[in-house]
1. Sequence-distant or interchain residues sharing an amide H contact under 5 Å with Trp58, placed H: which?
2. Neighbour counts of other C-beta atoms within 10 Å: give me Ser49, Ser69 arranged from fewest to most.
3. Residue by residue through segment 89-105, what is 3J(HN,Hα) from phi via Karplus (6.51 cos²θ - 1.76 cosθ + 1.60, θ = phi - 60°)? Round to whole Hz and write x for glycine and proline.
4. In whole Hz, what ³J(HN,Hα) sequence does segment 57-62 give by Karplus (6.51, -1.76, 1.60; θ = phi - 60°), x for Gly and Pro?
5. With θ set to phi - 60° and the Karplus curve 6.51 cos²θ - 1.76 cosθ + 1.60, what are the ³J(HN,Hα) couplings of segment 74-80 in order, to the nearest whole Hz, using x for Gly and Pro?
Amino acid sequence: MYKNLHIYELNDMAFMEEVVVMVVMEVWDIPWEVLDRKFTHEDWSSIKSDAPFGKAPWIEYNGKKLAESAAICRYLSRKYGLAGKDDWEQAQVDALFDLYKDFGTVVQPYFMVMFGRQQGDKVKTY
C-alpha cells in the first residue's frame, strides 16, 4: 500500500492535478490512503520543507517520495502493468493522460465555483 498521498488544496491548479492522481489510483484499484488532506496555509509552511520540490501532490512508498502528478501517474501505470505493452500503446496511454489533464484545465473554473473554492456564478462560468 502506498503509505501516503499528500494533498495541499490551497493551490487551485494543484487541486486538479491531485484529482488526476486520485482518479488513477481509484480506477486501477491501487491501494492507498490519504495521510494529509487539506493542509491549511499554516500547516503548509511547516510541511513544505518535507515535500519534494516544495509542492504537492506527492506519494510516499517504501520510504521514498515522488512528486508531480504526471510522474506519479506514469510510475503507477508502469508498476501495475497499465502503461501499455509496446511503444504504441504507451504513447496512447500518454495521449489519454494528457487529454485528461487538458480537460481538467478547461473545466477547472467551473468546478472551482461548484465546490466553493472560488466565488462566481456556475451558469456563467459554464
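Any read-out appearing in this document is the output of simple, stated calculations on the displayed coordinates, not a laboratory observation. Because the structure is predicted, anything quoted here is derived from the model rather than measured. Note that we place each Cβ from the backbone using ideal geometry, even for glycine, and neighbour counts take in every protein chain shown.
1. His6
2. The most exposed by this proxy come first: Ser49, Ser69.
3. Karplus values, whole Hz, x for Gly and Pro: 5, 4, 5, 5, 4, 4, 5, 5, 4, 4, 4, 4, 5, 4, 4, x, 5.
4. x, 8, 10, 10, 8, 6
5. Result, rounded to whole Hz: 5, 4, 5, 5, 5, 4, 9.
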